1. Within region 177-188, is even one residue open to solvent by 80 Å² or more (accessible area, probe 1.4 Å) and either among the β-branched types (Val, Ile, Thr) or within 26 Å of Met264 (Cα to Cα) (or both)?
2. List the pairs whose first member sits in region 117-129 and is closer than 19 Å to Arg90 by Cβ, whose second member is open to solvent by 30 Å² or more (accessible area, probe 1.4 Å) and assigned to a loop (DSSP other than H, G, I, E, B), and whose Cβ atoms are under 6 Å apart, counting only residues at least 6 apart or on separate chains?
3. Here's a check for you: in region 153-167, which residue that is polar (S, T, N, Q) and open to solvent by 20 Å² or more (accessible area, probe 1.4 Å) is farthest from Tyr266 (Cα to Cα)?
4. Please go through region 147-164 and pick out each residue that is in contact (Cβ under 8 Å) with a residue 60 or more places away in the chain and part of a helix (DSSP H, G or I).
5. Please enumerate the residues belonging to region 203-250 that are of a type in the set (Val, Ile, Thr) and either surrounded by 14 or more Cβ atoms within 10 Å (Cβ to Cβ) or modelled with pLDDT under 95 (or both).
6. Please return the ranges of helices (runs of 4 or more DSSP H) entirely within region 174-281 where 1 or more residues are out of contact with any helix residue (DSSP H, G or I) (no Cβ under 9 Å at 6 or more places or on another chain), touching a residue at least 24 places away in the same chain (Cβ under 8 Å) and within 30 Å of Val123 (Cβ to Cβ).
Amino acid sequence: RQPRGLCKGMLSRARQCFFDKNAVFLLQNRTATTLSSHAGQRQPPLRQTTFRRPSQASKTLFSCHNRGPVLTAHLSNVVVAARSYCSVSRACWNCSAPTAGWFFCESCHVVQPPDLQATLFDVMDCAKKFDIDNSRLSTKYKDLQRLLHPDRFSQHGEMEQDYASAQSAWVNKAYWTLQKPLSRGLYMLQLEGETIEEGDKQSDPELLMEVMEANERLGDAETEEQVRSIAEENREKLTRLCKELSQAFDEGDVAKAKDILTRMQYYSNIEDKVKEKLLPS
């Protein structure tokens, strides 16, 4: 049996190792609604990676399916069943038993470290499609945040507390990214290895004139009715673009999706200005 001091030292080294490897991920989650142009490289659908701790090295294997198995995680008499579109198999850091749970070990039920190779769609148990069920997404988010809230693990070891905090931040980022059409589309573009840089502006004179006129009308609007009229027109244009974007992603036309997303940014900017205008002064 190892001395207590040695065990504590090993735990500290393992904890430090986790933060060394995932520091960028943890920092990114401080602003969950911001998509950095440097954040995404295309994530391969099938990949093997290695997690290491002082006493052993374990392998994580990923295999994606159209419909994965039903996974069940138990924690404090709470049972969560979730069908995953991408299954993960790895050794639990605590008991070394193989586990297929995204968040909890199926044997000892402790929180597992975030699987950074998974997509945000995997985290929220969604198919990687532009059209998603926002109601189901919201329900999934609330369920996961309730299970992974750091306060639930205040009496657990430091390692599990750290993993719970990281998992909670990961779920938070997934929800706020996938909730809105623009950020969801930009994320899907990143998964395809593309981003929209600051210099990627539309050169369509008709679009630019239309956006300029909408901004001028919004600036001159004096009544709530006028503002809401502009908002309705803008919403219709965004709805049309969302349908075109969904079709582009379904057809694998990344160039067209990028062009549509660039247009959507202009109209989303108008939408934000409308919301500011409608706020009570």
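The values are calculated or read from the model by the stated rules, or taken from the named source; none is laboratory data. Note that the structure is a prediction, hence the values are computed from the model and not measured. All Cβ positions, glycine included, derive from the backbone under ideal geometry; neighbour counts span all protein chains shown. Accessible surface areas use protein heavy atoms only, side chains included; no ligands, DNA or RNA. Shrake-Rupley method; radii C 1.70, N 1.55, O 1.52, S 1.80 Å.
1. So in region 177-188, the residues open to solvent by 80 Å² or more (accessible area, probe 1.4 Å) come out as 180.
After this cut, where a residue has to be either among the β-branched types (Val, Ile, Thr) or within 26 Å of Met264 (Cα to Cα) (or both) as well, the list is 180.
Yes, some residue in region 177-188 is open to solvent by 80 Å² or more (accessible area, probe 1.4 Å) and either among the β-branched types (Val, Ile, Thr) or within 26 Å of Met264 (Cα to Cα) (or both).
2. Between residues of region 117-129 that are closer than 19 Å to Arg90 by Cβ and residues that are open to solvent by 30 Å² or more (accessible area, probe 1.4 Å) and assigned to a loop (DSSP other than H, G, I, E, B), the close pairs are Gln117/Arg47; Thr119/Gln43.
3. Of the residues in region 153-167, the ones polar (S, T, N, Q) are 154-155, 161, 165, 167.
With the extra rule that they be open to solvent by 20 Å² or more (accessible area, probe 1.4 Å), the set shrinks to 154-155, 161, 165.
On the way: Ser154: 45, Gln155: 48, Gln161: 42, Ser165: 35 Å.
Among those residues, the one meeting the criterion is Gln155.
4. The first filter runs over region 147-164 and keeps only residues in contact (Cβ under 8 Å) with a residue 60 or more places away in the chain, leaving 147, 152, 157-160, 162-163.
Across region 147-164, the qualifying residues are Leu147, Arg152, Glu158, Met159, Glu160, Asp162, Tyr163.
5. Going through region 203-250, the residues of a type in the set (Val, Ile, Thr) turn out to be 211, 223, 227, 230, 239.
Of everything in region 203-250, those that are of a type in the set (Val, Ile, Thr) and either surrounded by 14 or more Cβ atoms within 10 Å (Cβ to Cβ) or modelled with pLDDT under 95 (or both) turn out to be Val211, Thr223, Val227, Ile230.
6. Values: elements: 181-191, 205-220, 224-250, 254-278.
Fully inside region 174-281 and qualifying: 181-191, 224-250, 254-278.
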